[in-house]
Structure formats: C-alpha cells, structure tokens
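Quick notes on the structure that follows.
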Amino acid sequence: MTETSTLTTAVRAAADLAARALTAIRPEQLTAATPCGDFDVRALVDHLAWAALLSQLAATRTPLEHDWSGNRPAPFLDGLDPAEWPAAIVPELDAAADAWADPAAWSGETLMATTPMPADVVGPLMLAEFVLHGWDLARAVGAPYDVPAAVGEAALAAVRPVAQMGRDGGWYGPEVTVPADAPAFDRALGLSGRDPAWAAAADRGAGPA
C-alpha cells in the first residue's frame, strides 16, 4: 500500500470516528466541558463543522468564501437549532473523506481557507483535526472511542512536526507527558496538549473539568 493510500484510508477512519462521536451527543450535553481548552461541546461541534468544510475545500483547492472569524456557525449549520448540528456534520465529514480519496488531492499546493500550503501537509493536519476533536467530543459525552493503531500512527506523524508551532499559536495546549511506550494516539494527544486520562466530571464523580 502506498503512503497516499495509507493516508486516505486513515482520513476515512478519522472522519468515521468523529462522526460516531457526534452521533453520541445528546442535546443536554451541548454545554458540557471538553478536554479542548475553553470549548464546550457546542463550540467544539461548530469547530469540527468548520474543519469538515475547510478539509473539503483544501482537497479540491477551493478558497473559503465565508468569514469564519466571527460568531456565526459554519454555513451549512446556519439556521439550524444547535441540537441538530451534530447530525448535519456527519455527511460533511464523509464528503471530506471522499475528497481526500482522490490521489491528486495530496500533490502540489492547496489552500487552507485562503492561505497557500502544501497539500501533503494539509491532508495529515485535517486527519489529526478529525481524530483529535472526535476524541474530545467522545470524552466529553462519555462515548466509546477506539482508535485503530494505524490511525493513531498517522495522527502522531501529523501532530509531531507542528506541535511546537501549535503551542506557540495557542491552538495546542502545553505538552502533557505521556510514556514513550504509550500507544501512538496517546502520544499524539499528549503532544497536542491533551491528557489521555481526561474524563468528564460526571464520569469522575467530581467537580467541573
């Protein structure tokens, strides 16, 4: 199997994992804390919606035509009740995986929103975005989340070279120390500022996260 076909398979698996996490969310959990900084479930669902859209556009070399710097949700969520958002994102994740299934999506330069970037950098970053935020949501709502070893390795390979840049830019938290012999996905979580042992307050029987 070629490196590109391995990555396209991992993107599909990451999108499916995120989709399963989304479908586990109950409306009353939208205000729950997540492992992802100050994001509650609702904010993180919207963030994942933007990731699905940006991933599709990057794979097809299409510039973003919407302002994502404000408080409006992703365009395909606008007008929907937030309780309807998780289900609406699932087909968008599937479309993103379809777009990256084209080998041509991985070659040359593409756009991340409107910023030119190498496609073979953007693709793994979007894979990591799906699988990491899927984990965030699954942990927040107490849903199972079993990451295949190959997807964990792909996520680690995507996170490792940008981890310090992510911390400097504020989109990753301080590194969490994880044993060197831990599964690859746990190491990717630690590099991205996540504690693999994080659990929702209800699961801990303790106070707020």
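Under 11 Å from the Cβ of residue 151, count the other residues' Cβ atoms, weight Lys and Arg +1, Asp and Glu -1, and hand me the total. Walk me through the intermediate numbers first.
Values: positive: 12; negative: 16, 146, 153.
Within the 11 Å Cβ shell, the charges total -2.
If you place +1 on the Cβ of every Lys and Arg and -1 on the Cβ of every Asp and Glu, how big does the dipole about the Cα centre of segment 69-191 come out, in debye to the nearest 20? Intermediate results must be reported in sequence, preceding the final value.
On the way: 5 positive and 17 negative charges, 74 e Å.
About 360 debye.
Indicate the gyration tensor shape class of segment 50-108 (rounded, prolate or oblate), computed on the Cα atoms with a ≥ b ≥ c the square roots of the eigenvalues: a/c under 1.5 is rounded; otherwise a/b larger than b/c is prolate and the rest oblate.
Here segment 50-108 falls in the oblate category.
How high is the FRET efficiency from residue 78 to residue 6, r the C-beta distance, R0 41 Å, rounded to 0.05?
Values: r = 36 Å, r/R0 = 0.87.
Between residue 78 and residue 6 the formula returns 0.70.
Explain nothing, just compute: Karplus ³J(HN,Hα) = 6.51 cos²θ - 1.76 cosθ + 1.60, θ = phi - 60°, for every residue of segment 34-49 in order, whole Hz, x for Gly and Pro.
Result, rounded to whole Hz: 10, x, 9, x, 8, 6, 8, 4, 4, 5, 6, 4, 5, 4, 5, 4.
Would you mind classifying segment 107-172 by shape? Square roots of the alpha carbon gyration tensor eigenvalues, ordered a ≥ b ≥ c; an a/c under 1.5 is rounded, otherwise it is prolate if a/b is larger than b/c and oblate if not.
Prolate, since a/c reaches 1.5 and a/b exceeds b/c.
Each label point is 7 Å from the Cα along the Cα-to-Cβ direction; what then is the distance between the points at residue 113 and residue 171, in nm?
Between residue 113 and residue 171, the label points sit 0.8 nm apart.
At 1.4 Å probe radius, can you tell me the per residue accessible area of the chain in Å²? Could the numbers behind the result be given before it?
Numbers: 10010 Å² over 209 residues.
So the chain comes to 48 Å² accessible per residue, rounded to a whole number.
Net charge within 14 Å of residue 82 by Cβ-Cβ distance, Lys/Arg positive one each and Asp/Glu negative one each, not counting residue 82 itself?
Values: positive: 26, 42, 72; negative: 28, 40, 46, 78, 81, 84.
Result for the local shell: -3.
Taking +1 at the Cβ of each Lys and Arg and -1 at the Cβ of each Asp and Glu, which of 116, 103, 88 sits farthest along the dipole of segment 85-148 towards its positive end, judged by Cα position relative to the Cα centre?
Farthest along the dipole direction, towards plus: 88.
The values are calculated or read from the model by the stated rules, or taken from the named source; none is laboratory data. Note that the coordinates shown come from a computational prediction; the quantities given were computed from them, not determined experimentally. Cβ coordinates were reconstructed from backbone atoms using ideal geometry, including for glycine residues, and neighbour counts include every protein chain displayed. These area figures cover heavy atoms from the full protein model, side chains too; ligands, DNA and RNA do not enter into them. Shrake-Rupley method; radii C 1.70, N 1.55, O 1.52, S 1.80 Å.
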